[in-house]
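K.L.:
Below is the structure I would like to discuss, written out as structure tokens.
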Amino acid sequence: MRYLKKRRRIIGKEVDLHQEDPMSGVANLFDVGVVFIVGLIGALISAYSLLDFLSPKTEITMVRKNDTGQVEIVTKKGKQIRIEKVTDKNLQGEGTRLGTAYRLKDGKVIYVPEGEAEK
């Protein structure tokens, strides 16, 4: 069996050519981890459509609920981002009726504009 291994004579010593560095596997794991992290960041950006927020030409309106349960409306026009907090206070003023909102049994809210309610 000894004749199957390739050996090389270096300055009077026999050295096995198939010796491996024990730390080479750790270096490969580090490379795999870096690729995984970059892929995860790319997936999160595409899942939450964050590229739209970075584009200066798009206009976005997003409704979100923060940690305390308060609803916020985030509006982005160009480079300006505005955050408005929604409250349950009663307001007064003049205006025109735009339509009607209905809450379904499953919790969804449907808005019907005034002109389409008659159809």
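The values are calculated or read from the model by the stated rules, or taken from the named source; none is laboratory data. Remember, predicted model here, so these are calculated numbers, not experimental data. Neighbour counts run over all protein chains shown; Cβ positions are idealised from the backbone, glycine included. Note: accessible area is taken over every heavy atom of the protein model, side chains too, but ligands, DNA and RNA are not part of it. Shrake-Rupley method; radii C 1.70, N 1.55, O 1.52, S 1.80 Å.
K.L.:
Examine region 97-117 for a residue that is of a type in the set (V, I, T) and not in a strand (DSSP E or B), and state whether such a residue exists.
P.N.:
If we filter region 97-117 for residues that are of a type in the set (V, I, T), which is where we start, we get 100, 109-110, 112.
Narrowing the set further to residues that are not in a strand (DSSP E or B) leaves none.
Looking for residues that are of a type in the set (V, I, T) and not in a strand (DSSP E or B), one finds none in region 97-117, hence no.
A quick yes/no check of all residues on (1) open to solvent by less than 60 Å² (accessible area, probe 1.4 Å); (2) of a type in the set (G, A, S); (3) without any contact (Cβ under 8 Å) to a residue 40 or more places away in the chain:
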residue	(1), (2), (3)
D31	no, no, yes
G39	yes, yes, yes
G42	yes, yes, yes
S55	yes, yes, yes
I83	no, no, yes
V86	no, no, yes
V112	yes, no, yes
G115	yes, yes, yes
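K.L.:
G69 versus (1) closer than 27 Å to Y48 by Cβ; (2) in a strand (DSSP E or B): which is the lone unmet condition?
P.N.:
For G69, the exception is condition (2).
K.L.:
Let me ask something else about it. State all residues of region 72-81 that are open to solvent by less than 70 Å² (accessible area, probe 1.4 Å) and not in a strand (DSSP E or B); if no residue qualifies, say none.
P.N.:
In the first step, residues of region 72-81 are kept if they are open to solvent by less than 70 Å² (accessible area, probe 1.4 Å); the result is 72-76, 78.
Matches in region 72-81: G78 only.
K.L.:
Which is part of a loop (DSSP other than H, G, I, E, B) and polar (S, T, N, Q), of N28, N90? Full working, then the answer.
P.N.:
On the way: N28 fails: part of a loop (DSSP other than H, G, I, E, B).
Every option except N90 fails the conditions.
K.L.:
May I pose another question? Can you confirm whether I45 is touching a helix residue (DSSP H, G or I) at 6+ places or on another chain (Cβ under 9 Å), outside any strand (DSSP E or B) and either at pLDDT 85 or above or β-branched (V, I, T) (or both)?
P.N.:
Working: touching a helix residue (DSSP H, G or I) at 6+ places or on another chain (Cβ under 9 Å): yes; outside any strand (DSSP E or B): yes; either at pLDDT 85 or above or β-branched (V, I, T) (or both): yes.
So I45 fits the description; yes.
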